[in-house]
Amino acid sequence: MNWLSMVANRLLWVIPTLFGLLAIVFVLSRVVPVDPAHLAAGEQASAEQVQRMRERFGFNKPLPVQFASYLRDVASGNLGTSMYTQRPIVDDLASRLPATLELIFTALLLATLIGIPLGVLCGLRRHSWLDHLLRVISVSGLAVASFWLAMQLQLLFSMRLGWLPLAGRIEGFPPDTVTGFLLLDALIGGEAELFSSAAQHLALPALTLALPAAASVVRFMRNGVIGAINSPSVTYQAAMGFPPWLIVWKYVLRLALSTTVTQLGLILGFLLAGAVVVETVFDWPGLGGYAVRSILQSDYNAVMGFTLCTGALVLVINLLVDLLQMAIDPRGSA
Amino acid sequence: MTALLDIGEFSLSFRTASGTAPVLERIDLAVRPGEIVGLVGESGCGKTTIIRSILGTLPERTALIEGGHIRVDGVDMLGGGKAAQSMRGRGLTFVPQDPFASFNPLFRVGTQIRDLLRWRAAGAKNARSGSSRQIVEAAISAMLDAVQLPQSILAKYPHELSGGQRQRVMIAMAMLPQPRLIIADEPTTALDVILQAQILSLLRRLAVERGVSVLFATHDLAAAWEICDRIAVMYAGQIVEIGPREAFFDASRHPYTRMLLASLPEPGRNSEVIPGGVPNPLKPPAGCRFNPRCPKVTAICSEARPTLAAIASDHLVACHHPWPANAQATHA
């Protein structure tokens, strides 16, 4: 299968996938025993005011009708208005998406920079003290709750040592928006101070997200390396006297990467889910914090918008991962 | 004439969960310069273990070398020293059993061949400089012609090649470093019969043309007869008989060899089955390991291991009661 037909095939599945996702979230949000009209109208509101609110948002209509009219709006690019910010949800999401993307891509970069070399080392020195130590660390790295890790890092680096800011995304006015990624925008604008401020703010949340992800990268790389080392092709190369460094850093590494890359989509999904918690703890102005607030306030349209946005993001990420996989493995097993 | 491959008194065991298995017992085997020697035996008799010992690819954790030596061109191959490492891929090369799994699937065939030459081939030490890179490319191109492959396979991935093409590439890679000895481990088992014959005659022709010695392990007597100058027969970790190709079929002396030959199907004769089964590798019989299945067995066979002794010119047999020369196989 060539990559074009793969992409076309995936795009065909985007619509039904997102439809299913919306249907599930729609039903779930409507069975929660909270009356959003009541919340939106305020605590002091009279029954009449609440009823007016209900009619305004269409909560009085049957569920299928509500869902159908919502889908019609979505198809025309309208995700509705947030009951809380009173702004179009599309605008809310668009202004917050770059912050989340910057956070998870930085976390992914950190996770691979930490995870790949450590995973290779563990695979090469299987059953060494390093392997055992890293196994303990990576299992606990996967098990640790991210809000706990986040607060420990805040305690150590912000409160105790005072090296890094406690929360937020930047000090002072952000650089002119080009990409929406503050680090890149500061670089483009040539503003060293803003760059350093953005990097310092990014460090702890990105690290919090990256550590569990790095732990799973270590596991996958380790197993990939062990599988590759025991493969007949490596035995053949050893028998033919290929230098060990060439076997490991060229041939084994590529084999291990090809198995790890298939897991990248999964890891990015976890990063996106973890961002919800991490953004809340670090007051990071991204989608995650927005989602938490919307859920707490029963801001239905905002929750649905967030779901749609992250769902689409996951689909795009998986498509990119599959393309990457195809580039690494010529057999086209994707 | 000094041997190119010299295996002497070589014994090896594998540690297993249920005990130590003495897999090879006092192997004596020599391959002379320019000679093709077949190593014939049933699956599990220890052929592949001998080969892995020579190539240095034994499983480190379980293999236990009990004694003896393996030398290639005078270099000790067992210690894992620098000289042994430097011998591999230069003086000593390898044609594997499974030509598909032996390629890395993620790299082009050309990349894998060039990496071998860049790092291993004699006279291509500084292959990164322009002039010697041209020498490498010319050598690869000439070798592809010699194994009758188109130049276009260099740009292909292993999965895009047929089984026969893959094994031709493996032979090309074994020949390219201009080795003195090639170890071939059942190189044709993964191929169909017609391809087998083609690959074997190609291997023989190239080896003879270039004066390269070959140790050819196989369970296929016919294949060994096709291309070998001498044939060594193994049974359950012991070498039982070594003789010239002609002697092997017309004047073999060891009862196992005779029964092995009688088990071959032949027009006008029913093949005969060797009674009994291969011994438990954990507890091989004492003395001659074939004694429980042997028609000529006596008390001494389970007491003393027969040593390989010359019974005719260039013909060695390890047996207390070898058949006389030119006697017909009459064990049935």
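Every read-out reported here was derived from the displayed coordinates using simple, explicitly stated rules and does not represent laboratory data. Everything numeric in this text was worked out from a predicted model, so none of it was measured. Note that each Cβ is placed from the backbone with ideal geometry, even for glycine, and that neighbours are counted across all protein chains shown.
In table form, for the structure just shown:
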read-out: Per-residue [θ]222 nm for chain B (sum of -39500 (n - 2.57) over DSSP H runs n ≥ 4, rounded to 500); value: -8500 deg cm²/dmol
read-out: Loop-exposed GluC sites (Glu not before Pro) per DSSP, neighbour cap 14 Cβ within 10 angstrom, longest uninterrupted part of chain A; value: A:172-334
read-out: Residue-averaged beta-carbon neighbours from other chains (10 angstrom radius) around B:101-110; value: 6
read-out: Nearby lysines by direct alpha-carbon distance to B:K283 (threshold 30 angstrom, same-chain neighbours under 8 apart not counted); value: B:K47, B:K296
read-out: Among A:Q200, A:Q44, A:Q86: highest mean-square fluctuation, GNM of chain A, C-alpha pairs under 10 Å; value: A:Q44
read-out: Length-normalised contact order for chain B - Cα pairs under 8 Å, 6+ apart - percent; value: 20
read-out: Value at 222 nm in deg cm²/dmol, rounded to 500, when DSSP H runs of n ≥ 4 in chain A each add -39,500 (n - 2.57); value: -24500 deg cm²/dmol
read-out: Cα centroid separation, the stretch A:119-138 to the stretch A:259-334 (Å); value: 29
read-out: Kyte-Doolittle mean at least 1.6, axial Cα span of 27 Å or more - DSSP H helices of chain A; value: A:3-31, A:89-124, A:253-281, A:300-328
read-out: Dipole moment magnitude, nearest 20 debye, the protein assembly as shown about Cα centre, only Lys, Arg, Asp, Glu C-beta charged; value: 880
read-out: Value of relative contact order over chain A, rounded to a whole percent, pairs C-alpha under 8 Å and six or more apart; value: 26
read-out: With eigenvalues of the C-alpha gyration tensor scaled by 5 and rooted, the stretch A:89-328, Å; value: 36, 20, 18
read-out: Estimated dipole of chain A in Debye, rounded to 20 [Cβ of Lys and Arg +1, of Asp and Glu -1, Cα centre]; value: 1120
read-out: Theoretical FRET efficiency, 1/(1+(r/R0)^6), r = Cβ-Cβ of B:A83 and A:L296, R0 56 Å, to 0.05; value: 0.20
read-out: Kyte-Doolittle at least -1.0, axis length at least 20 Å by Cα - qualifying DSSP helices, chain B; value: B:130-146, B:193-210
read-out: Ordering of A:233-242, B:34-43 by burial proxy (mean other Cβ atoms within 10 Å per residue, highest first); value: A:233-242, B:34-43
read-out: Options A:V32, A:L253, A:L324, ranked by Cα towards positive dipole end of chain A, top entry (Cβ charges); value: A:L253
read-out: Segments B:71-78, B:154-161, A:214-221 sorted - mean Cβ within 10 Å per residue, highest first; value: A:214-221, B:71-78, B:154-161
read-out: Computed Rg/Rh of the protein assembly as shown, alpha carbon atoms with Kirkwood Rh; value: 1.15
read-out: Estimated inter-spin distance, A:A8 and A:H127, nm [label 7 Å along Cα→Cβ]; value: 5.2
read-out: Using a Förster distance of 41 Å, the FRET efficiency for B:Q151-A:A327 (Cβ separation, nearest 0.05); value: 0.95
read-out: Simple Cβ-charge dipole of chain B, Lys/Arg +1 and Asp/Glu -1, about Cα centre, in debye nearest 20; value: 920
read-out: Likely footprinting exposure, A:S46, B:S13, A:S196, fewest C-beta neighbours within 10 Å first; value: A:S46, A:S196, B:S13
read-out: Fluctuation leader among A:I317, A:I137, A:I114 - chain A, Gaussian network, Cα springs under 10 angstrom; value: A:I137
read-out: Alpha carbon centroid spacing (whole Å) that separates the stretch B:10-42 from the stretch B:269-312; value: 16
read-out: Signed unit charges on C-beta, dipole axis of the protein assembly as shown, positive-most listed residue A:P212, A:L194, A:L18; value: A:P212
read-out: The stretch B:182-203-the stretch B:56-108 distance, computed between alpha-carbon centres (Å); value: 20
